[in-house]
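Enquirer: I'd like to ask you about the structure that follows.
Readers should treat all values here as calculations from the given coordinates under stated rules, not as data from a laboratory. Values in this document were obtained by computation on a predicted structure and should not be read as measured data. Here the Cβ positions follow ideal geometry from the backbone for every residue, glycine too, while neighbour counts run over all protein chains shown.
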Amino acid sequence: MGHLMLNQQFPKNFLWGGALAANQCEGAALEDGKGWSTADALPYGVFGEIMIPPPNDYLKKEAIDFYHRYKEDVKLFAEMGFKILRISISWARIFPNGDDLEPNEHGLKFYDDLLDELANYDIEAMITLSHYEMPLHLATEYGGWSNREIIKHFEKYAEVLFDRYAKKVKYWLTFNEINMVLHAPFNGAGIIEKPENISKTELYQAVHHQLVASASATEIGHRIDPSLKIGCMIAGGPMYPLTPHPNDMMEALQKDRETFFFADVHARGKYPNYMVRYFLENDIAVEITEEDKTTLKNTVDFISFSYYMSYCATADEELNIQARGNIMSAVKNPYLDESEWGWQIDPQGLRYMLNLLYDRYQLPLFIVENGLGAVDTLREDEHGEKIVDDQYRIDYLREHLKQVYEALEDGVDLLGYTSWGPIDIVSNSVCEMKKRYGFIYVDKHNDGSGTLDRYKKKSFYWYKAVIESDGKKL
Ligand code: BGP
């Protein structure tokens, strides 16, 4: 397979694995007492229509039926040698309305069983408390994260999970890609109004409530077990200036700060001054209490991020040709190729991002998403065996892992790497099955048809060899 041999290897205790989100894989949308979640109300993707109540039929309703088939899937992850699986918990399975008095035991039971199954294979779990969803009731009745009340419901939810799983799970994340709230307020914060009708004050108030809730959850987790490792999670593409013109440099710095602001608060426990200035200059009046400031001092143990692409910035309106991204788009970089969905591919950007984050915070890092969304074809080989030849995915991942290795050599403290969607799942941005990331193919299609059978792709064997050789055989 043309394995590239590196002189060195990744650390022995490096946490190799994959990452999933409840609403994109589980299905069982209303089973065992689960309530509607905001993810169900976005049946056609992040920028599709918000549908309340959700329609009768949509892809995520069944998704890949991980809820019933997780044993088969965990077995396949174990076969690849996973050390860790990042999952998220569906808040609406635990508190169907979000403001219920007692948690739903049936919902918890599913995660008890899933975590036990992982433990059977010595696979660690990493839990994301909120991966782009919250109980829909909290959005419709309270206005989502714009409302301060949500903090206490989230604290209660977090406490239930930390209490129950602290002994089983060491790595925790609070909000998935928390910085994307600025670009997709319903997806990230359950704010139903149209983005153009949401004032900057309301948006940043919601952001602030999430930041406080994140710090508060960190405090709760550490109180229950000080040895837990609790991190934040940001969508982490670095911003390059389109030209060396000082205006472009400044533009790139400001745009980068839309990401770093979130990590700064999580890592340093307070708002950075550039944000205070931004609020003042834009008449943004966010209510930040003294108690909030104290809560924010509960900083994270590590910083995690997703990496799919780098971005470009220019101050020149005329040069502003946009490249698509999953949630955020930016100026097109003329030096980069792009995926079938227009996401610009930049392996070196990953090394760059790792160094930026490590230089800035000197905290351990974790790459919790990376991968290529592509159209895969299941076909029969000459022996009648069903195969998917996804060499393009192997190439993408190899180039990125080579850069991860470079960053390790640079001295970056990196805990692990969980590739996105190790098994095909419903995409978040476009809610399609056609856009696949997996090492495992799932027979399920955009129109909802398919047997849901699982098949190992070529990349399955490649990733297995990578993990087995501690990253030596790329
Ligand atoms: C990130 C999300 C994931 C995931 C991934 C790939 O933004 O955290 O939930 O879906 O992007 O995006 P997509 O599924 O839209 O291709």
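Enquirer: State the three equivalent ellipsoid semi-axes of segment 15-468, derived from the C-alpha gyration tensor as the square roots of 5 times its eigenvalues, in descending order and whole Å. Kindly include the intermediate steps, with their values, before the conclusion.
Expert: Values: eigenvalues 187, 152, 97 Å².
The answer is 31, 28, 22 Å, longest axis first.
Enquirer: Quick one: Lys434, Lys444, fewest Cβ neighbours within 10 Å first, how do they rank?
Expert: The order, fewest Cβ neighbours first, is Lys434, Lys444.
Enquirer: Using only helices, what value at 222 nm comes out for the chain when you add -39,500 (n - 2.57) per DSSP H run of length 4 or more and divide by the total residues, to the nearest 500 deg cm²/dmol? If you can, show how the numbers build up before the last one.
Expert: Numbers: 15 runs with 182 residues, N = 474.
The helix-only estimate for the chain comes to -12000 deg cm²/dmol at 222 nm.
Enquirer: Further, regarding this structure: With a ≥ b ≥ c the root eigenvalues of the C-alpha gyration tensor of segment 334-422, is it rounded (a/c under 1.5), prolate (a/b larger than b/c) or oblate?
Expert: Details: a/c = 2.95, a/b = 2.04, b/c = 1.45.
In terms of gyration-tensor shape, prolate.
Enquirer: In which sequence would Thr218, Thr377 go, from the one with the fewest C-beta neighbours within 10 Å to the one with the most?
Expert: Numbers: Thr218 24, Thr377 9.
Ranking Thr218, Thr377 by Cβ neighbours within 10 Å, fewest first, gives Thr377, Thr218.
Enquirer: Which whole DSSP H helices in the chain pass both tests: a Cα extent of 15 Å or more along the axis and a mean Kyte-Doolittle value no lower than 1.6? Intermediate results must be reported in sequence, preceding the final value.
Expert: On the way: long enough: 66-80 (21 Å, -0.75); 105-120 (22 Å, -0.63); 149-165 (25 Å, -0.45); 200-224 (36 Å, -0.18); 246-268 (29 Å, -0.75); 347-361 (22 Å, -0.55); 391-410 (28 Å, -1.13); 458-468 (16 Å, -0.21).
Membrane-span-like by this criterion, though nothing is claimed about a membrane: none.
Enquirer: Can you give me the long-range amide H partners of Glu124? Hydrogens built in the peptide plane at 1.01 Å from N, cutoff under 5 Å, separation of 5 or more residues or another chain.
Expert: Ile84, Leu85
Enquirer: Next question, about the same structure. What share of all Cα pairs of segment 144-225, in percent, falls into each consecutive 5 Å distance bin?
Expert: That works out to 3, 15, 26, 21, 15, 11, 6, 3, 1, in percent per bin.
Enquirer: List every residue whose amide H lies under 5 Å from the amide H of Ala330, counting only residues 5 or more places away in sequence or on a different chain, with H placed 1.01 Å from N in the peptide plane.
Expert: Ala323, Gly325
Enquirer: Counting other beta carbons within 10 Å of each residue's own, what order do His183, His222 fall into, fewest first?
Expert: In increasing order of surrounding Cβ atoms, one gets His222, His183.
Enquirer: Turning to a different aspect of this structure: How about segment 335-426: which chymotrypsin sites (Phe, Trp or Tyr not before Pro) there lie in a loop by DSSP and see at most 13 other Cβ atoms within 10 Å? It would help to have the intermediate numbers written out before the result.
Expert: Numbers: sites: Tyr335, Trp341, Trp343, Tyr352, Tyr358, Tyr361, Phe366, Tyr392, Tyr396, Tyr405, Tyr417, Trp420; in loops: Tyr335, Trp341, Trp343.
Hits after loop and neighbour filter: Tyr335.
Enquirer: Give the aspartates and glutamates whose C-alpha is closer than 17 Å to that of Lys34, dropping any in the same chain fewer than 8 places away, or say none.
Expert: Straight-distance partners of Lys34: Glu26, Asp57, Glu62, Asp65, Asp99, Asp100, Glu102, Glu105, Asp112, Asp113, Glu133.
Enquirer: For the pair Lys200/Asp389, report the inter-label distance in nm, with labels modelled 7 Å from Cα in the Cβ direction.
Expert: 5.4 nm
Enquirer: Non-local amide H neighbours of Cys232 (under 5 Å, H modeled in plane, Pro and chain starts lacking H): which ones?
Expert: Sorted by chain and number, the residues that satisfy this are Phe302, Ser304.
Enquirer: Something else about it: Return the subset of Lys75/Lys444; Lys83/Lys297; Lys60/Lys386; Lys332/Lys434; Lys61/Lys229 for which the Cα-Cα distance in this structure is over 22 Å, preserving the input order. Provide the component values of the computation, followed by the final result.
Expert: Values: Lys75/Lys444 20 Å; Lys83/Lys297 32 Å; Lys60/Lys386 26 Å; Lys332/Lys434 24 Å; Lys61/Lys229 32 Å.
Long pairs (Cα-Cα over 22 Å): Lys83/Lys297; Lys60/Lys386; Lys332/Lys434; Lys61/Lys229.
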